[in-house]
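Notes for the one structure printed next.
The values are calculated or read from the model by the stated rules, or taken from the named source; none is laboratory data. Everything numeric here is computed off the predicted structure, so don't read it as measured data. We place every Cβ from the backbone using ideal geometry, glycine too, and count neighbours over all the protein chains shown.
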Amino acid sequence: MAAGGFCKLPNGRVVVALNLPSPAHPDSSGVRVLVHAQNRARALTRLRNLGLRAVYLRGNGAPPTPDEITAVLHHPDGLIWRAAQDTVLTPVTVPELWRPIRSLLRGAAA
C-alpha cells in the first residue's frame, strides 16, 4: 500500500506527500509526490484531476520532511515528484532532484 502523510503549515494550508507506483515504470520502486494546497481534500483532487484517480491518503505514516516542504513551497505549481528513496540509504546515495508533475505524466503517456 502507498504510504503518505501531510503537514499543516502555520497559514492553514497543507503539504501532502504520497508514495505512489510510477505510472511510467510500474516495476520500479515508485515515486514520491508532493502537493501544496488549501487542505488535504483539495490536494488529492489536484492529483485526481491530473489522471491519478485511485489516490487516497490514509493516516499520517510518512509525512513530508522539512526539506520536502521547502521544495514544494518554492515550486510555482506546488506539485512536484521524484523517484521514491529506498528505506536504507547508503552514505554515497545522492537524492534525485524534484521535478514538475508534467514530466511524470508525459513519461506515462509515452
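Here are a few things to note about the model shown:
- Only one of Pro76, Pro10, Pro66 that is out of contact with any Pro (no Cβ under 7 Å at 6 or more places or on another chain) and under 18 Å from Pro95 (Cα atoms): Pro66
- Only residues that are assigned to a strand (DSSP E or B) and within 13 Å of Val35 (Cβ to Cβ) were counted in segment 45-83, giving 3.
- Residue selection: Pro10 fails the criterion of being crowded, with 16+ Cβ neighbours inside 10 Å, modelled with pLDDT of 90 or more and out of contact with any Ser or Thr (no Cβ under 7 Å at 6 or more places or on another chain).
- When segment 26-56 is filtered for residues that are of a type in the set (A, V, I, L, M, F, W, C), out of contact with any strand residue (DSSP E or B) (no Cβ under 8 Å at 6 or more places or on another chain) and modelled with pLDDT of 90 or more, only Ala41 remains.
- Among residues of segment 4-16 that are over 18 Å from Asp77 (Cα atoms), those with a Cβ under 7 angstrom from a residue that is of a type in the set (A, V, I, L, M, F, W, C) and part of a loop (DSSP other than H, G, I, E, B), sequence gap 6+ or separate chain, pair up as Gly4/Leu57; Gly4/Ala62; Gly5/Ala62.
- Any chance Gly59 is exposed (fewer than 12 other Cβ atoms within 10 Å of the Cβ) and at pLDDT below 90: yes
- Residues located in segment 42-56, provided they are loosely packed, with under 13 Cβ neighbours inside 10 Å and in contact with a His (Cβ under 8 Å, 6 or more places away or on another chain): none
- Complete set of residues in segment 64-86 that are crowded, with 17+ Cβ neighbours inside 10 Å and under 17 Å from Leu9 (Cβ atoms): Pro64, Glu68, Ile69, Ala71, Val72, Gly78, Leu79, Ile80
- Residues of segment 32-44 satisfying the condition of being in a strand (DSSP E or B) and without any contact (Cβ under 8 Å) to a residue 60 or more places away in the chain: Arg32, Val35, His36, Ala37
- Failed condition for Asp86, given (1) farther than 15 Å from Arg32 by Cβ; (2) part of a loop (DSSP other than H, G, I, E, B); (3) charged (D, E, K, R); (4) at pLDDT below 85: (1)
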